[in-house]
1. So, E59, is that one surrounded by 11 or more Cβ atoms within 10 Å (Cβ to Cβ), farther than 22 Å from S7 by Cβ and touching a Gly at 6+ places or on another chain (Cβ under 9 Å) or not?
2. Restricted to the stretch 39-53, and to residues that are surrounded by 12 or more Cβ atoms within 10 Å (Cβ to Cβ), of a type outside the set (V, I, T) and modelled with pLDDT of 90 or more, which residue is farthest from A26 (Cα to Cα)?
3. When you scan the stretch 65-75, how many residues do you find that are open to solvent by 30 Å² or more (accessible area, probe 1.4 Å) and in contact with a helix residue (DSSP H, G or I) (Cβ under 8 Å, 6 or more places away or on another chain)?
4. In the stretch 7-25, how many residues are hydrophobic (A, V, I, L, M, F, W, C) and more than 19 Å from G81 (Cβ to Cβ)?
5. Looking at the stretch 4-38, which of the residues that are open to solvent by 80 Å² or more (accessible area, probe 1.4 Å) and of a type in the set (V, I, T) is farthest from G79 (Cα to Cα)?
6. Scan the stretch 59-80 for residues that are part of a strand (DSSP E or B) and under 10 Å from the mean Cα position of the chain (by Cα) and jot them down.
Amino acid sequence: MTSIDLSTLPFFADVAEQQLWHLAKAAEETVYEPGQLLFNVGETRHSLWIILEGNIAIESAGGDAAIRIATLGRGQVIGEGILLEEPAHATAG
């Protein structure tokens, strides 16, 4: 199992240590296969992910092919829109 100290991540900079402890305790590690989608554009997200290993491509539809908007890696957060109850703005996988 890979771990990461949440207090070192900019996304959690203003979160109290006790709250981080509760977040870490509630978190579960999930392994995704290359190319597996986390969510599609417009879908309601059900999770917030912290990338522990590898990379995630953020893509948007562009006619016949996907257009890569960004690539996220270790320590970055994805799906944070769930905190605002927003639908996905792009596809992640």
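1. It is true that E59 is surrounded by 11 or more Cβ atoms within 10 Å (Cβ to Cβ), farther than 22 Å from S7 by Cβ and touching a Gly at 6+ places or on another chain (Cβ under 9 Å).
2. Going through the qualifying residues, I end up with L52.
3. 0
4. 4
5. My answer is T8.
6. L72, V77, I78
The values are calculated or read from the model by the stated rules, or taken from the named source; none is laboratory data. Just so we're clear, the structure is a prediction, and the values are computed from it rather than from any experiment. Here the Cβ is made from the backbone with ideal geometry for all residues, glycine too, and neighbour counts use every protein chain on show. Accessible surface is based on the protein model in full, side chains and every heavy atom, while ligands, DNA and RNA are left aside. Shrake-Rupley method; radii C 1.70, N 1.55, O 1.52, S 1.80 Å.
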